[in-house]
Each structure stands twice: as structure tokens, then as C-alpha cells.
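Here is the structure we will look at, set down as C-alpha cells.
Values quoted throughout were computed directly from the atomic coordinates according to the rules given, and no laboratory measurement underlies them. Given the structure is predicted, the values throughout are model-derived calculations rather than measurements. Cβ coordinates were reconstructed from backbone atoms using ideal geometry, including for glycine residues, and neighbour counts include every protein chain displayed.
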């Protein structure tokens, strides 16, 4: 934009002081004003009437200044003084004043300047004078507004990303968090990250934040953290360095994304894979049994041995029975949808299940006992049929384990009901031989069977699925009596959707 | 059955021992069965079988323990043992490497259930030939 200065008061022959010539300036001020010509800023001397008495070279060059113009004409193309003009205030207080204003530069258009109005100690011909020095801060202001925009963008990103973000110092102390973090983990500023995320009293090992502090690189890991509600959450964690101007990492940003649903799906897929492998194995066993039975029958007929024929037919019958059980288990494992809820009395449920096994246990000389702890007998919401199956599976396993004790008996099986405030706990303990050493590690991960042809191997998968559908846990541990304790924990308030992640399909306690 | 070779079958599943015994008897062997691994050792000491067919996963005592007991008994150590097991495919390698790490002795053969009759009979023949 090109601007031609207008002067409402053009004079034929301006007075020397109005021409802004240095000759009109008092002797003592000349040296100082000459120096102002060297400045890249705009400098001018104005009179009390706002007439520009003198202007430096930069101002003359950029503003196209005609001496004698009023300052408001030069700066704003106005005909009247500006409303916010500090001149009178400076004149009355005698103190300089600094302010920001935008002025018209005929060469470049509107520019932003930082101005200082200073009362001069000496007067020009027409009394008191003022020195106005204005520095172009347009570029600085542009940078500042870019910085502000970046800050807003950064804040929007920091607050808007679907991640829990915390910034930690070298002592693992949290110095900044985003809103999502605060919602899930509460107020954490000043607390140690391991304390907030995991409820620990010392740092994790390995710690991705520490690794980033050491090598200044981005690291990632998968962790199980704890919400402020106490509920566990599986997260993938990225740690990135925050460096100072010298490249030293002074803080580390930790970004965590929840992957609980992904991990749950992963476990379900793994469990499905296991179930398929187990089913194939069971079918192989069934076919082997049927094959063997058919062979025995054929051989018995050749030998004319009715007893052996009977044995062969029993083998075939066993195979058919096992196929039926396998089919039932497959249907249970593949069942979808939420469990059908009803009010269940934990003690009554335990009594029902235990009564099913009394005869079998008695025939095998195994002592079967129900113990209740808590004596509340409050009902809880659950799927009666499902939990009945789950408990029956565990009880059946325990009796089988004791049955193998033989002369080392007598076998003892306890079904315990612990009624706690938040959860109902069913415990099945046996004094059987425990889990065979050579398969201990894999038994619960792979759900293998020790029952040869008798078990489908799906029993624990079925039980685990039912328990997890109730938001509960299935755990096992060695019993002090030498056998095994299986424990089902069901929350009194139904929790669905796999809110409780587990390390594997079934966890050992 | 004067000259018939004696085969001891140790498996906790009666249907399996019935099947294997019938199969072996049909092929001229004298089959003896033990469903209880604890009794099996005594029976083996009494019978001195020519070959032992041994299951690995049995509830009372594992086949591995029985295998080691037989191996440590000098009077039985010469009897070839054929492992016949129904363990899962993914665990078979673990057992194979376990047995190959043994210094004292190793099973003569390792067969998976369901048993293929020809394969079993072949291994029994081979084991007898190896001893003789």
C-alpha cells in the first residue's frame, strides 16, 4: 500500500523549527538527536501541540514525513489527536511512558510498534517538547502470536489426545498431567509416577522413563497399571524426552494408551485357539478309543470271547459318551451373550453341587465336606446354571484327583463358601497328588488333561469362561494338604465386559 | 504260549490296556496289563517282560517316575521301553528333549496315541530284535 501524506495545514514557507531542521534544536540537544539518526527505530520530537518538530532519518524515510505535520496525522492519518494519547499524562507527570500501538507505514501498511514518550529536559522555541521513540515489533508480534497459536495447539493436543499423559522429572516425580490422566488417576502433581500408576513404593524395573533419561531415546513397553478406582488397566506406554536448548533431557513425557479391550480380545483368541487344539486332541482320542473298541470287538468275535466283546462294546460306548461331553463343552465355550442373571444363594448353590457328588465320592471312599465362612447367606446376582457347571467341573476334578490316591488315601475334598463384602468366593480343595511336576508349568496355560481319555480338556476353559463372564477370577494354588486349591471369586455386583484383565486365561495365585 | 514274548502294558486307562493287549495277543505275544503304575513296578519285577509299553501321564505316578525307577534297577535296565502317550502335540517335543537328555538310558521308541497298530507292532519287533 502506498500512502501519500496529507497535511491539513500545508504552509507556503514553514518556520525553521517546523521544518524539523536540527538547526532549530537547542545546542545541547543536537548531539543526542544526531545519534538518533543512526537508530533503526522511529524517533521524533513533538511539541506540546503534537507538532512534529524533528524526525530521524528512519522516520522520514518510512513515513514520508513532512515537517510540521501533527503526530496523529503521521501515525494514523487522523485529523484529531488520538483518544488514548499519553502526551498530556507525560506532560503532567513528567515521567516517560511506554505503550504499544499500531501505526500506518506507507511502505508496508499497518505495523505494530513499541513506543516510548519521554519528556525532554529542554524546550524548543514553542515550549515543552517530547521525544517519541517507536520500535517496529511487527515481526516479534507475529512470532508471539505464532507462539501463542502453537501453545494453544499444543494444549489442545495435550488435552485432546486419547492418551494418559504425564511429564516426569529425573526423580520420577510427576510435574504435569493432562485432563484424561487426572480423570483416571486423580491428582498426581508432585507424586512419584510408580506410586500413582502402580501403587508401588519404588520404581519399576525396567522403567521406560529411566531408559529415556539415560539415552534420550523414545521407549515403549506394555504395563498393567491401576486406575484410582483400584481397577487394573492394561496400557501401552511411550516415553519421549523433553530436551533443553543444549540437548539435555530434563524431563520425560509418558504417554499411555489403554489396550485392555485389545488384550482381552487377544486372550479370547488365544483361548479359542487352545479350545480348537484341545477339541482336535479330544476328537483324536475319541477316534482312537472307537478304533480300539472296534478292533477289540472284531478280535473277540473271532475268538468267540463274549467277555472281550463286552469290553470292546464298552470302549465304543465310552467313546460315544466322551463325544457327547465334548459337544456339551464346545457349546458352552462357544456360547455368546451375557449370562442369564438371577438371585443366587451361595450356600444353596454349593449344597446343590455337593449333593450331586456325594454318591460318587462315597463310592470312592472320599470325604466330601462343605464349609461356610461368613454366615451371611446373602444372595448375589449370577447365572445359576453356569456357576453350577463351573463348580461341578472343579468338584469333579478334585474327586478325580483324590481317586488316584488309592491306598495313600483317604481322599478329602472341601467345598468352601466365603461370603465377603464385595465378592463371593468358592474354594475347592483336594488332598490329591497335586499337579504332576512335568506338566505343572503348562497345565493351566495350555489346559491339558491328565485324565487320558476321560476328560475333554475343555472343563477348565468352560469354568474360566463362566467365571469371567461374571467379571470374576479363577485361580489355583497348591494346597498345604498336598493337593490343589481352585478358587472362584465372583463380585456381588455383576461386572460384565471383561473389566478384570488376567495375565493368562487362568491365573495362578 | 510257551515261547511267546511277554509284553507289559502300563496305562491307567483300562480301555487302552484292553485294546493293546488284544492287539498284541492277536499277533502272538503274551500281554500283561497294569492300570496302576505303583503296582506296575512289582509286576515288572515278577514277570521280567521282554518289552514294556509305558504311558506317560497317569494320575497316581507319572510314567517318567516309573521309567526312572526301572532304569535304576539293574535287573530291569535291559528291558526296552516303548513310550505310548496321548499328551498334546506341543508337549511332545518337551518330553522328547527330556528323554534325550537322560544319561542312564532312553526309551527305545516314542509313540503317540491313537496308536497305529502296524507302527506299534513294528516297534515291538524292532525292540525285541535289538535286545536279542
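Our estimate of slack between residue A:114 and residue A:37, defined as 0.36 nm per intervening residue step minus the Cα-Cα distance, is 25.9 nm.
Applying 0.36 nm per residue to the separation of residue A:176 and residue A:250 and subtracting their alpha-carbon distance, the gain on full extension is 25.3 nm.
For peptide A:281-287, the mean count of partner chain Cβ atoms within 10 Å of a residue's Cβ comes to 3. Three principal axis extents describe the C-alpha atoms of the range A:161-258; from largest down they are 41, 26, 24 Å. Peptide B:14-27 shows a mean partner chain C-beta count of 6 within 10 Å per residue C-beta. Peptides A:169-175, A:279-285 ordered by packing proxy, namely the average of other Cβ atoms within 10 Å per residue, highest first: A:279-285, A:169-175.
Taking packing as the residue-averaged number of other Cβ atoms within 10 angstrom, the listed peptides A:350-361, A:40-51, A:80-91 run from highest to lowest as A:40-51, A:350-361, A:80-91. Taking every DSSP beta bridge that has both ends in the protein assembly as shown, the antiparallel portion is near 75%. Given R₀ = 60 Å, FRET efficiency for residue A:98-residue A:379 by Cβ-Cβ distance, to 0.05? Step by step, r from the Cβ atoms, then E = 0.20.
Take the Cβ atoms of residue B:43 and residue A:270, set R0 to 45 Å, and the FRET efficiency comes out at 0.60.
From the largest down, the range B:6-131 spans 35, 33, 30 angstrom on the principal axes of its Cα atoms. Kirkwood hydrodynamic radius computed over the protein assembly as shown comes to 33.1 Å, based on all pairs of distinct alpha carbons.
For the pair residue A:138 and residue A:218, what calculated FRET efficiency results from E = 1/(1 + (r/R0)^6), where r is the Cβ-Cβ distance and R0 = 35 Å, to the nearest 0.05? My answer for the efficiency is 0.35.
Peptide B:112-125 has a mean shielding of 2, counted as Cβ atoms of other protein chains within 10 Å of each residue's Cβ. Each part gets one Cα centre, and for the range A:178-242 versus the range B:17-96 those centres are 55 Å apart. The peptide list A:339-346, A:138-145, put in order of mean Cβ contacts within 10 Å with the highest first, becomes A:339-346, A:138-145.
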